[in-house]
Amino acid sequence: MRASVARAERLPQIVLLSILLVAAVILASPAWAQESRNPVTAESPTGGQVPGNVLGSQADSDLWRAVREGVQGRVSIPDTQAGQLIQSEGDNWRAWRNGPVTVYGAWAMLGIVIVIALFFVLRGRIRIDAGPAGTTVERFNLIERTAHWITASSFIVLALTGLNMLYGRHVLLPILGPEIFSAITTAGKYAHNFLAFAFMVGLVMIFVLWVAHNIPNRLDLKWLAMGGGLFVKGVHPPAAKFNAGQKLIFWATILGGASISLSGLALLFPFEFAFFGATFEALNAIGFSLPTQLTMMQEMQLSQLWHGIVSLILIAIIVGHIYIGSVGMEGAFDAMGSGQVDTNWAREHHSIWAAKVGGNASSQAAE
Ligand code: HEM
């Protein structure tokens with residue numbers, strides 16, 4: 001009886017001790033410790049926890065997903081672009097540059113060479129049908145020829161060094177080896193950077209000198225409908241100073257050249273120009289729905305792709321022009337060489353212009 005009374009008296013102490021023991025076990029448990037550091041948040045049903053707490057760590061997948069998707073954060077250093085840890089568009093840019101631009105560009109180069117070779121085989125050199133007259137007429141004066149050759153010589157170096165940047169490591173590197181290839185490519189890059197300005201000067205000069213002669217008119221449709229007489233011997237549609245084919249070359253050079261120049265400047269002075277956002281905004285006004293909030297990095301990537309694509313197209317066009325202005329047509333090169341063309345050449349290819357400048361006199365001033 002006395003023993004049971006004594007046990008009853010100790011019951012509160014036993015209960016208290018048990019509670020303390022359970023509490024100590026719970027507090028010491030790692031699961032509890034983890035839970036209290038990472039309380040469940042309102043944003044996510046699991047509060048960012050790995051389901052089941054298997055590893056006992058927080059899953060930062062939301063954070064890293066945002067980083068992967070290019071979320072822009074804030075940084076305290078001057079370069080605000082450092083706030084974007086992963087710039088996913090870089091993958092797209094590289095895929096485009098090393099994929100379609102490189103591949104279709106190569107096809108364009110090969111294509112134009114094949115077309116010219118076929119044209120040469122089927123049509124041969126376009127001769128002066130009446131034969132050289134022996135008298136000449138001035139076609140381009142010294143300023144015009146200087147403008148042409150500043151544009152042409154700089155363009156040729158720009159084209160070759162640019163093609164080296166795109167294809168050199170596939171074509172030249174295996175042949176030349178890394179030392180020679182890297183020396184050539186470094187020199188080529190400097191040439192490319194500086195000659196860009198000569199090209200721009202030439203471009204402005206030929207625009208000012210020749211734009212008045214390159215306004216399209218009804219005669220151009222007739223010239224085009226007759227294929228410029230290029231495919232049939234003895235056929236010569238009438239033309240003034242420039243025929244429709246030359247007008248197309250002129251506008252391709254001016255518009256393509258201006259576009260290459262602007263995108264080239266954006267590449268030469270990184271992160272200084274944002275041409276694409278503004279261009280896309282203008283295009284959206286006429287029905288397009290292009291993104292206008294572009295980061296400076298995206299601007300650079302678009303500039304590079306555009307610069308490459310337009311250059312490849314213009315190179316293909318100019319290869320055709322070089323052919324017809326040299327081996328492809330008898331008497332054509334003289335126009336840009338000495339500036340004097342044979343009178344019969346002038347009558348056959350530019351009858352209206354020849355009549356105006358007096359196709360029967362020698363050395364008339366160019367109009
Ligand atoms: C070795 C290279 C080149 C040669 C042999 C050449 C030859 C010629 C010739 C002979 C003409 C005058 C055609 C005529 O009398 O009607 C001409 C005009 C012209 N060239 Fe070139 N050229 C060359 C490179 C270039 C380049 C690289 C460009 C531009 C990037 C260019 C742009 C023009 C333009 C816009 C005209 C006036 C339009 C036309 O005649 O087609 N040329 N070229």
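The values are calculated or read from the model by the stated rules, or taken from the named source; none is laboratory data. Everything numeric in this text was worked out from a predicted model, so none of it was measured. Backbone-built Cβ (ideal geometry, glycine too); neighbour counts: all protein chains shown.
Candidates in the stretch 309-361 are the residues that are β-branched (Val, Ile, Thr) and within 30 Å of residue 97 (Cα to Cα); of these, the one that is farthest from the chain's Cα centre (by Cα) is 322.
Output the number of residues of the stretch 191-206 satisfying the condition of being farther than 24 Å from residue 242 by Cα, within 13 Å of the ligand (Cβ to nearest atom) and touching a residue at least 60 places away in the same chain (Cβ under 8 Å). Break it down stepwise before answering.
Initial filter on the stretch 191-206 (farther than 24 Å from residue 242 by Cα): 191-198.
Those left that are additionally within 13 Å of the ligand (Cβ to nearest atom): 195-196, 198.
When the remaining residues are screened for being touching a residue at least 60 places away in the same chain (Cβ under 8 Å), the result is 196.
Looking only at that region, the number is 1.
Can you go through 177, 234 and tell me which one is surrounded by fewer than 14 Cβ atoms within 10 Å (Cβ to Cβ) and either at pLDDT 95 or above or hydrophobic (A, V, I, L, M, F, W, C) (or both)?
Values: 234 fails: either at pLDDT 95 or above or hydrophobic (A, V, I, L, M, F, W, C) (or both).
Criteria check complete, one pass: 177.
Among the listed residues 105, 99, 162, which satisfies the condition of being buried (at least 17 other Cβ atoms within 10 Å of the Cβ) and more than 16 Å from the ligand (Cβ to nearest atom)? Of the residues listed, the single one that is buried (at least 17 other Cβ atoms within 10 Å of the Cβ) and more than 16 Å from the ligand (Cβ to nearest atom) is 105.
Within the option set 286, 260, 249, 254, being of a type in the set (Val, Ile, Thr) and under 24 Å from residue 102 (Cβ atoms) holds for one residue only, 260. Among the conditions (1) away from the ligand (no atom under 13 Å from the Cβ); (2) touching a Phe, Trp or Tyr at 6+ places or on another chain (Cβ under 9 Å); (3) part of a helix (DSSP H, G or I), the only one that residue 185 does not satisfy is (2). So for the stretch 297-311 (the condition being farther than 30 Å from residue 73 by Cβ, assigned to a helix (DSSP H, G or I) and within 14 Å of the ligand (Cβ to nearest atom)), does at least one residue qualify? Yes: one or more hits. Scanning the stretch 274-290 turns up no residue that is of a type in the set (A, V, I, L, M, F, W, C), within 15 Å of the ligand (Cβ to nearest atom) and out of contact with any Lys or Arg (no Cβ under 9 Å at 6 or more places or on another chain). Every condition in (1) farther than 19 Å from residue 160 by Cα; (2) of a type in the set (A, V, I, L, M); (3) surrounded by fewer than 18 Cβ atoms within 10 Å (Cβ to Cβ); (4) without any contact (Cβ under 8 Å) to a residue 24 or more places away in the chain holds for residue 327 except the one numbered (4). Scanning the stretch 183-196 for residues that are more than 21 Å from the chain's Cα centre (by Cα) and within 27 Å of residue 262 (Cα to Cα) yields 184, 187. Taken residue by residue, the stretch 127-140 has at least one member that is of a type in the set (Asp, Glu), within 22 Å of residue 348 (Cβ to Cβ), away from the ligand (no atom under 12 Å from the Cβ) and out of contact with any strand residue (DSSP E or B) (no Cβ under 7 Å at 6 or more places or on another chain). Cβ-Cβ contacts under 8 Å between residues 6 or more apart (or on different chains), taken from a first residue in the stretch 96-119 that is at negative phi and modelled with pLDDT of 95 or more to a second residue that is surrounded by 11 or more Cβ atoms within 10 Å (Cβ to Cβ) and not in a helix (DSSP H, G or I), are listed as 116/328; 119/328. Checking the stretch 251-271 against the condition returns no match, with no residue being within 13 Å of the ligand (Cβ to nearest atom), in contact with a Phe, Trp or Tyr (Cβ under 6 Å, 6 or more places away or on another chain) and either closer than 30 Å to residue 293 by Cβ or not in a helix (DSSP H, G or I) (or both).
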